[in-house]
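Undergrad: Structure below; questions to follow.
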Amino acid sequence: MATDYYELVGILKREVVPATGCTEPIAVAYAASVAGAKIKDLSMIKAVEVCVDAALFKNGLRVGIPGIKKRGLEIAAALGLVIATPDKELRVLETIEPEQNQKAEALVEKELISVCIKGNCSRLFVEIFVTLTDGRQIKVMAVDRHNNIVKVEEGINLTHEEPGAVDEQAHKKLIQAYDLKDLLDFSNTVPVDEIRFLQEGVEKNMMLAKEGLSFDGGIGQAYQKIVEEGILNDQMVTKAEMLCAAASEARMSGSTLPAMSSAGSGNHGITVFLTIAGVAESTEASPEAMLRALAFSNLITVYIKSFTGTLSAMCGCGVAAGIGACAGVSYMMGASESQIFKSMLNMVGSITGLICDGGKEGCAYKLALSASWAVKAALLAQKGVAVHEDNGILAFSFRQLFENLGYLCNTGLAGANNSILDIMERQYKKVG
C-alpha cells in the first residue's frame, strides 16, 4: 500500500510514550486515579474491587512500585485513589509524597481493597469498582491498552463489566495494513524532524541504565566487572545487553525515573531504544541514522504486538521488542530488505518460547538475552546466515511469520499462561 506518513507518525506518537514504573500496576493506579478524582473524602471508601485479566495480574504481582517498598496491585490501586491525578496517565506514580503513601498503606491495611482475576478474559482488562459509605458507586474500566479508559460511571446499583471478546481494534488494522517494504520506505524517507521526539526515549532510558549501573551487586555492575577483567569485550553486543539489563533492573526495582515505552511496555521500550543506542555508540552511527532505525524498530515492535497481543505467556521483550531491535540494528547497519527479514527469522527461529513469568527484577536477564541475541542475529543475517523459512513456525512472508507467532502466543500457549500463574500464586502465598 502507499505509505501514509501522517498515519505512521501518529502510530509512533501513540505507542512511544513515557511511563513511570511497570505498566501493569501503573494501569491499575491510573484507572484508580480516575476514580479517586471523583471522591472528595477518602474516609467515605467502603470497599474497592480491582478486577484484572490473568496476564496483567501476573505482571503486577511481584514488581516494584516507584519510590516505595510495598508491591502488588492493592497498593498500586490505593496510591492511584489517593494521588488522584488522572491527567498524568502512565506517569501517575511519578511523585509519591510520604503522606500519600501513608494514606494508601492505610487503605490496604484496613483491607478495603481486594483483587480478583477476570476468568476467560483474552484482552487486557482493568476494572476499578469503588463503593462509598453513602451507597454511591464509581466504576472505571480500561481495555486493550494500559491507558485506554473506555468507561467511567457513577451511581447506585452499578454492575460489574464483562470484558467481551477482542475486537479488531482500529490501531491494529492500521499497522497490519503495512508490509515490511512500507515500513522501510517510511523509515528511509520520513522527514527527520517528524521522528526527532524519539531521541527523548534514548535519553530517558539511558538515565534508567545509569541508575541501574549504580546498584551494588546489580547485573549492570557485574557486566562492568566482567569487561574490566577482560572476559568480555566492550563492544556492541556487550554494550547493548549491559544497558538493557541495568535499565530494566532499575525500573523493575521501583525506580521513580520514567521509561520511554514501546507498544505499551516500558521494558519493550528499554529493549528497543538501548539496543539501538548501544550499537549506534559502538559503530559511531550518525544521529539521523539512529533516529531512523528507532522509528523502524518501534514500528516493527508495534506490528508484532498487533498479532501477539498486549500481554501473553511469551516474553514480549524477546519475541516483539527483541525482534524489533534486531530489525532496527540491521537497518542501521545498511542491511537490505532481504537481510532484515532474515535477521527476524533468526530471532523467531530461536528465541521464541521465552516465557513471561511476571514483572520483577529478573526481567533484566531476559532483556540482556534479547538485546545480545538481537545484535548477533542481525550480524549473522548480514553474513548470509539465517534459519530457513520452512523451519518450524517460520514463514516465507513477513505477515505470515507474525501471524504464526501470534497464533502460538494466543492459542498455543493459553494453557501455559495458566500454569505459570498457578506456580506464581503458590509462590506468592509462601512468601506473603
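Read the figures in this text as sums done on the coordinates, not as results from a lab. In this text, all values refer to a predicted model and were calculated from it rather than measured experimentally. Cβ: placed from backbone, ideal geometry, glycine included. Neighbour counts: every protein chain shown.
Undergrad: Straight-line reach from LYS204: which lysines have Cα under 16 Å away, leaving out those fewer than 8 places along the same chain?
TA: LYS13
Undergrad: Sticking with the crude label model, points 7 Å out along Cα→Cβ, report the distance from LYS225 to GLN400 in nm, one decimal please.
TA: 5.0 nm
Undergrad: What does the convex hull of the alpha-carbon atoms of region 1-113 project to on average, in nm²? Each step should come with its number before you reach the end.
TA: Details: hull surface 34.3 nm².
Projected area, direction-averaged: 8.6 nm².
Undergrad: Can you check what the net charge comes to around LEU158, using other residues whose Cβ is under 15 Å from the Cβ of LEU158 (Lys, Arg +1; Asp, Glu -1)? Could you put the intermediate results ahead of the total?
TA: Numbers: positive: LYS38, LYS46, ARG136, LYS139, LYS151; negative: GLU49, GLU127, ASP134, GLU153, GLU154, GLU161, GLU162.
Residues near LEU158 contribute -2 overall.
Undergrad: If the cut-off is 22 Å between C-alpha atoms, which lysines fall inside it for LYS151, apart from same-chain ones fewer than 8 positions away?
TA: Answer for LYS151, where 22 Å is the Cα cut-off: LYS38, LYS40, LYS46, LYS88, LYS118, LYS139, LYS172, listed by chain and number.
Undergrad: Could you tally the net charge around LYS383, taking each other residue with its Cβ under 12 Å from the Cβ of LYS383, Lys/Arg +1 and Asp/Glu -1? Spell out each step's value before the answer.
TA: On the way: positive: LYS342, LYS376; negative: none.
Charge balance near LYS383 sits at +2.
Undergrad: In addition: Provide the gained length on full extension for the span LYS69 to ALA47, in nm with one decimal, where the gain is 0.36 nm per separating residue minus the Cα-Cα distance.
TA: Going from the current span to full extension adds 5.6 nm.
Undergrad: By how many nm would the segment from ASP422 to GLN199 lengthen if fully extended, with 0.36 nm per residue of separation less the alpha-carbon distance?
TA: Details: separation 223, 0.36 × 223 = 80.28 nm, distance 4.04 nm.
Full extension of this stretch gives 76.2 nm more.
Undergrad: Would you please classify the overall shape of region 185-240 from the alpha carbon gyration tensor, given that a ≥ b ≥ c denote the square roots of the eigenvalues, rounded means a/c under 1.5, and beyond that prolate means a/b larger than b/c while oblate covers the rest?
TA: oblate
Undergrad: Hey, another quick one. Please identify the helices of the chain, taking whole runs of DSSP H, that span at least 18 Å along their own axis as judged from the Cα atoms and have a mean Kyte-Doolittle score of 1.6 or higher. Mind dumping the intermediate values first?
TA: Values: long enough: 23-36 (19 Å, 0.97); 199-213 (21 Å, -0.58); 236-252 (24 Å, 0.49); 266-283 (25 Å, 0.74); 287-308 (31 Å, 0.74); 337-351 (21 Å, 0.43); 363-382 (29 Å, 0.97); 414-431 (26 Å, -0.54).
Span-like helices here: none at all.
Undergrad: If you project the alpha carbons of the chain onto the principal axes, what extent comes out on each, in Å, largest first?
TA: 69, 50, 43
Undergrad: Another question, then. Taking a quarter of the surface of the Cα convex hull of region 51-144, what do you get in nm²? Kindly include the intermediate steps, with their values, before the conclusion.
TA: Values: hull surface 26.1 nm².
With every direction weighted equally, the projected area is 6.5 nm².
Undergrad: Tell me the label-point distance for the pair VAL385, SER338, using the 7 Å Cα-to-Cβ offset, in nm and rounded to one decimal.
TA: Distance between the two pseudo-spin positions: 1.9 nm.
Undergrad: Calculate for the chain the 222 nm mean residue ellipticity that helices alone would give, adding -39,500 (n - 2.57) per DSSP H run of length 4 or more and normalising by residue count, nearest 500 deg cm²/dmol. Mind showing how you got there, number by number?
TA: Details: 18 runs with 233 residues, N = 432.
Per the formula, -17000 deg cm²/dmol.
Undergrad: Where in the chain lies the longest segment free of trypsin sites (Lys or Arg not before Pro) that are both loop residues by DSSP (not H, G, I, E, B) and have at most 13 other Cβ atoms within 10 Å?
TA: Values: sites that count: LYS40, LYS69, LYS110, LYS383.
That gives 111-382 as the longest site-free run.
Undergrad: Which of the aspartates and glutamates could be linked to LYS58 by a straight reach, that is with a Cα gap under 12 Å, when you skip same-chain ones fewer than 8 residues away?
TA: GLU24, ASP357, ASP422, GLU425
Undergrad: In a shell of Cβ-Cβ distance under 15 Å around ALA395, excluding ALA395 itself, what net charge do Lys and Arg (+1) and Asp and Glu (-1) give?
TA: Numbers: positive: LYS342, ARG399; negative: ASP179, GLU389, ASP390, GLU403.
Its environment carries a net charge of -2.
Undergrad: Can you give the charge dipole size of region 342-396 about its Cα centre, rounded to the nearest 20 debye, using +1 on the beta carbon of Lys and Arg and -1 on the beta carbon of Asp and Glu? Don't jump to the answer; show the numbers that get you there.
TA: Working: 5 positive and 4 negative charges, 40 e Å.
Charge dipole, region 342-396, about its Cα centre: 200 debye, nearest 20.
Undergrad: Ok, one more. From the P(r) of region 170-428, can you give the percent of Cα pairs sitting at distances over 23 Å? Let's see the in-between values first.
TA: Numbers: 15737 of 33411 pairs.
Of all Cα-Cα pairs in region 170-428, 47 percent lie more than 23 Å apart.
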